[in-house]
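The values are calculated or read from the model by the stated rules, or taken from the named source; none is laboratory data. These numbers come from a predicted model, not from an experiment. Cβ placement follows ideal geometry from the backbone for every residue including glycine, while neighbour counts extend to all protein chains displayed.
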């Protein structure tokens, strides 16, 4: 099959997860063309030389641990005309030069639009659709109602009327719309490899925070006595008492994730999924204004895999660590057979396309 695979550039989790699926498709003998932008383009073009089509994508703006909606909107208005022109040019090139059989979109608009214009079968693979196409099973507090309404509206409009939706989730959620299948999270090969090594637990707590973190972030960690924190995301190497800052290294990060006592992070899907797979308790501080991160943190708490807090503080971390052993015990029941389930679901969709047995768009 000749496949167009669309990958967004906002957050590298989409790119690393899509890389796993693309490698599987190539191993199955399919021809794959990748549409993506910015950092995701650099990663995937290096992994799959000559297969990537550079497009223009969406970028969110952040301020002090949350999404800056005004700055994001202003950025979109300023970049829209040039981005649209670039994407139209690339779509015309793709249309004229490469006949395709189907499209896969990881919550990416260019590939989705191309599939609709070209009347190609379309498969959606992402974790965001859980908000729109599944029953979440969690209580939504009043302060999250606006973010929930906005998120559901955007997600519903982003890639509607696909032939099938594969929704990745580390938690149980009942599909409430047709043509929707829940599958386990997509895991990087490096994570599967380190899990197989069964490394002994260390004495550190792994922390992932970005440069948009709160001003007193480091001081809050230093105030938690008797704990050693290894921090990624601030892009520097430094020793600050019981806090060690590290420049990012994928191999180092994954190894320290596999051996940590616990994880402190925002609410990003990839890291939380990997922590759950490796049975590492999670202390989640979701970015404000990102309902998907709220869902991930709330599900962690519902399942007994960790805690979710609204604001970052040393007291919150202490409260989480008080129950760490209980969270670790709950995680022992989590089971996932690598990427076998999601690979099988993708292969079924391709087989259905080949046999002309796809359901109607929904």
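Screening residue 142 against (1) closer than 21 Å to residue 267 by Cα; (2) touching a residue at least 12 places away in the same chain (Cβ under 8 Å) leaves a single unmet condition, (2).
Evaluating residue 186 against the criteria (1) part of a loop (DSSP other than H, G, I, E, B); (2) over 17 Å from the mean Cα position of the chain (by Cα); (3) in contact (Cβ under 8 Å) with a residue 24 or more places away in the chain leaves one unmet condition, (2). Taking the condition within 20 Å of the chain's Cα centre (by Cα), within 20 Å of residue 141 (Cβ to Cβ) and surrounded by 18 or more Cβ atoms within 10 Å (Cβ to Cβ), does residue 297 pass? Here the answer is yes, as residue 297 does meet what is asked.
Kindly indicate whether any position in region 270-278 is surrounded by fewer than 17 Cβ atoms within 10 Å (Cβ to Cβ) and in contact (Cβ under 8 Å) with a residue 40 or more places away in the chain. The answer is no, given that none of the residues of region 270-278 is surrounded by fewer than 17 Cβ atoms within 10 Å (Cβ to Cβ) and in contact (Cβ under 8 Å) with a residue 40 or more places away in the chain. I'd like to verify a number: residues in region 204-227 that are at pLDDT 90 or above, surrounded by fewer than 17 Cβ atoms within 10 Å (Cβ to Cβ) and in contact with a helix residue (DSSP H, G or I) (Cβ under 9 Å, 6 or more places away or on another chain), how many? Summing the residues that are at pLDDT 90 or above, surrounded by fewer than 17 Cβ atoms within 10 Å (Cβ to Cβ) and in contact with a helix residue (DSSP H, G or I) (Cβ under 9 Å, 6 or more places away or on another chain) in region 204-227 gives 3. Within region 228-260, which residues are assigned to a loop (DSSP other than H, G, I, E, B), more than 20 Å from the chain's Cα centre (by Cα) and buried (at least 18 other Cβ atoms within 10 Å of the Cβ)? Once the filter is applied, which keeps residues that are assigned to a loop (DSSP other than H, G, I, E, B), more than 20 Å from the chain's Cα centre (by Cα) and buried (at least 18 other Cβ atoms within 10 Å of the Cβ), region 228-260 yields only 260.
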